[in-house]
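Report on the structure given below.
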Amino acid sequence: MSNKVNILLVDDRRENLALEAILKTLDENLVRATSGREALKYLLKNDVAVILLDVEMPGMDGFKTATLIREREKTRHTPIIFLTASGNSDVHVNQGYFLGVVDYIFKPISADVLKSKVSTFVEMFKQRQEVQRQSALLTAERDFISAVLDTVDSFVLVLDSEGRILHVNRAWEEEMTGYSLHEVRGRFLWDYFEDKQAAKDFLNARKGNTGSEEYWFMKGNTRRLVAWCCTALKNHSTAARHFVVTGRDITELRQRTEELEGFTYSVSHDMRAPVRAVDGFTRILIEEYSNSLDDEGRRLLSIVRQNTEKMGQLIDGLLALSRLGREKVMFGDIDMADLARTAFDEQKAADARQREISFRAAQLPPAYGDKRLITQVFQNLLSNAIKFTRNEKSAVIEVGCQPGAGENIYFVRDNGVGFDMDHAQKLFGTFQRLHPANEFEGSGIGLATVQRIIDRHGGKVWAEAKPNEGATFYFSLPAREQRRAG
């Protein structure tokens, strides 16, 4: 595609258009017009970088032509250079400048002067074209981004470096707050938070990979619980920053979750009494009336007793799991090495007192979290490790740590039965089991509890294993500095 621009040469006498030969070296499109009318007709449909206009033309002279050119919006600012005989008076020159002529070239024409002046206007025209092209691209890109942002369900805000609102999408205006862009532009983001200081601290932390949950004020002063995150965007040409805030209203989701957790808690709590009654009466039958029963009767009662114990454990697990979403996480410093050793000793004493198990605990970095909940994590993982190494003559359980980016990754490793990684996605679901209940007991709630606890600490949990080659369970916790900064 050619990027040549048009240069319009207007002179009624062809012999005076010898300047074409001079300008040919500029390698642009030289357009010839032999009258003012012909020039005006061409300018109706075409853009030109500069017009070289002869003053002395019959019928419509250069002054009249320039006047008509300037009256049209499209050509009002097109550069005009008058070509005139050197003997013309200063009055004519002043008249030309009054009409908006940018320069005069007097005949006889100097080739160097002509080329220099025309090339300057050509370059200016090309620069304007490039600016217009870039502006059109930016406008199209801005309109595209705005259209995309207006179709998403989440709200999106753009803030300046001080936290003032510059732009909001349609979800913010129509679904989230009810405030229009006109109403919020220039206001600080935290003006719409119940806890303004918490919003300021989170915004200034600039942690784009983490989120926060806060109550926001809507129009009418109602409040909604919002999950939101913030990313700082640096302008490489300046030191200025912008913030992009995204989020969604989770008020109904939180209410449904709390209702579900409350329902689970209530059902589980109400089930404990009849299960305990069945267990108690079964125990009485076994202890006081076993002599009145034959072997088959005692066997059946034993089965009832075992199943009521399992049911009791299952209910206790459900209660513990439902309480996790209702209790506040109390953060503090944790000695992870001491916590792991204590948890292992307790689980071994409860489930494997007679077994020989080699326990290896590396030097673990301290963590920042809820000690009571992290204790539960170690207890569940170590209990599983002890259980699934039951068939190993030389059982080995190891607790260790490896560094991560802004986090510590802890692990519990064993040399037990392991599992097939094709089914690993089931591990952390409630009531999910990878081994038959007649081989290894359990409720299927322990790992779901682990995941819930680690989620509430802002970490992740995952596992690696091979059948008959053991398993390793990992969980990450944000480093103390990262957690405190949040």
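The values are calculated or read from the model by the stated rules, or taken from the named source; none is laboratory data. All figures in this text were calculated on a predicted structure; none of them were measured in a lab. Counting neighbours? That spans all protein chains shown, and the Cβs are built from the backbone with ideal geometry, glycine included. Protein only, heavy atoms only, side chains kept; ligands, DNA and RNA dropped before computing areas. Shrake-Rupley method; radii C 1.70, N 1.55, O 1.52, S 1.80 Å.
If the condition is being open to solvent by 50 Å² or more (accessible area, probe 1.4 Å), part of a helix (DSSP H, G or I) and either at pLDDT 65 or above or farther than 12 Å from Val55 by Cα (or both), then the stretch 91-116 contributes Val91, Asn94, Tyr97, Phe98, Asp112, Val113, Lys115, Ser116. For the stretch 400-426, the tally of residues that are closer than 22 Å to Leu339 by Cβ and either part of a helix (DSSP H, G or I) or hydroxyl-bearing (Ser, Thr, Tyr) (or both) stands at 1. Taken together, Phe243, Phe202 contain a single residue that is under 17 Å from the mean Cα position of the chain (by Cα), under 25 Å from Arg170 (Cα atoms), at pLDDT 75 or above and assigned to a helix (DSSP H, G or I), which is Phe202.
Taking the condition of a type in the set (Asp, Glu), open to solvent by 20 Å² or more (accessible area, probe 1.4 Å), in a loop (DSSP other than H, G, I, E, B) and more than 26 Å from Ala111 (Cα to Cα), does Glu73 pass? So Glu73 passes the test.
Among the residues of the stretch 338-382, those that are open to solvent by 30 Å² or more (accessible area, probe 1.4 Å), over 13 Å from Glu398 (Cα atoms) and touching a strand residue (DSSP E or B) at 6+ places or on another chain (Cβ under 8 Å) comprise Lys348, Arg355, Glu356, Pro365, Pro366, Tyr368, Lys371.
Restricting to the stretch 347-367, name every residue that is touching a helix residue (DSSP H, G or I) at 6+ places or on another chain (Cβ under 7 Å) and either among the small types (Gly, Ala, Ser) or assigned to a helix (DSSP H, G or I) (or both). Result: Gln347, Lys348, Asp351, Ala352, Ala361, Ala367.
Name the single residue, out of those in the stretch 1-42 being within 56 Å of the chain's Cα centre (by Cα), modelled with pLDDT under 90 and part of a loop (DSSP other than H, G, I, E, B), that is surrounded by the most Cβ atoms within 10 Å (Cβ to Cβ). Top of the filtered list is Lys4.
In the stretch 335-357 there is at least one residue matching the filter, namely being among the small types (Gly, Ala, Ser) and under 18 Å from Gln451 (Cβ atoms).
Keeping to the stretch 351-393, report how many residues are among the small types (Gly, Ala, Ser), under 40 Å from the mean Cα position of the chain (by Cα) and closer than 20 Å to Asn468 by Cβ.
Looking only at the stretch 351-393, we keep the residues that are among the small types (Gly, Ala, Ser), and these are 352, 358, 361-362, 367, 369, 383, 385.
This time we only want the ones that are under 40 Å from the mean Cα position of the chain (by Cα), so: 361-362, 367, 369, 383, 385.
Okay, now just the ones that are also closer than 20 Å to Asn468 by Cβ, so 385.
Total meeting the criteria: 1.
Residues that are under 13 Å from Glu469 (Cα atoms) and surrounded by fewer than 23 Cβ atoms within 10 Å (Cβ to Cβ) do not occur anywhere in the stretch 399-409. In the stretch 186-197 there is at least one residue matching the filter, namely being modelled with pLDDT of 85 or more, among the hydrophobic types (A, V, I, L, M, F, W, C) and open to solvent by 30 Å² or more (accessible area, probe 1.4 Å). Filtered by the rule that a residue be within 23 Å of Ala479 (Cβ to Cβ), at pLDDT 90 or above and in a strand (DSSP E or B), the stretch 368-399 gives Glu398, Val399. Of all residue pairs spaced 6 or more apart or on separate chains, those with beta-carbon atoms under 8 Å, a first member in the stretch 43-72 that is at pLDDT below 90 and a second member that is aromatic (Phe, Trp, Tyr) are Leu53/Phe82; Asp54/Phe82; Val55/Phe63; Val55/Phe82; Gly62/Phe82; Ala66/Phe82. Among the numbered conditions (1) open to solvent by less than 80 Å² (accessible area, probe 1.4 Å); (2) closer than 30 Å to Ala198 by Cα; (3) at pLDDT below 80; (4) in a helix (DSSP H, G or I), the only one that Ala232 does not meet is (4).
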